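Participant: Take this structure first; my questions come after.
The values are calculated or read from the model by the stated rules, or taken from the named source; none is laboratory data. Keep in mind it's a predicted model, so treat the numbers as computed, not measured. Cβ coordinates were reconstructed from backbone atoms using ideal geometry, including for glycine residues, and neighbour counts include every protein chain displayed.
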Amino acid sequence: MTLKNLWEILVETWNAWSTHKAPRAGAVLDNGNFVHLGPKGVKLVKLAIGEKFSVEGTVTMIVDGHLVMEEPIEVNGVKIP
């Protein structure tokens, strides 16, 4: 992997992350998968950066092979409306 490839991957990741409003609407896991909580879910669960959590729900595979959970049922024991 070249430095240029790494930069392209970082830019693509940032664009996808900000498009999905990840900081306000969900969590990106260390493996690149995304859990969409929505604004209400984020407030209910109160996740912190680096925090471990458990999620129940259905996942969908996106183009790059990562998984996204659009409508989790429960996060850390908290029901998501």
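Participant: Can you tell me which residue is modelled with the highest pLDDT among those in region 1-35 that are under 15 Å from the mean Cα position of the chain (by Cα) and of a type in the set (A, V, I, L, M)?
Facilitator: V35
Participant: Something else about it: Need pairs with beta-carbon distance below 7 Å; first residue free of Cβ contacts under 8 Å to residues at least 12 places away in the same chain and on the phi < 0 side of the Ramachandran plot and within region 45-72, second of a type in the set (D, E, K, R) and part of a loop (DSSP other than H, G, I, E, B); sequence gap 6+ or separate chains.
Facilitator: T60/E70
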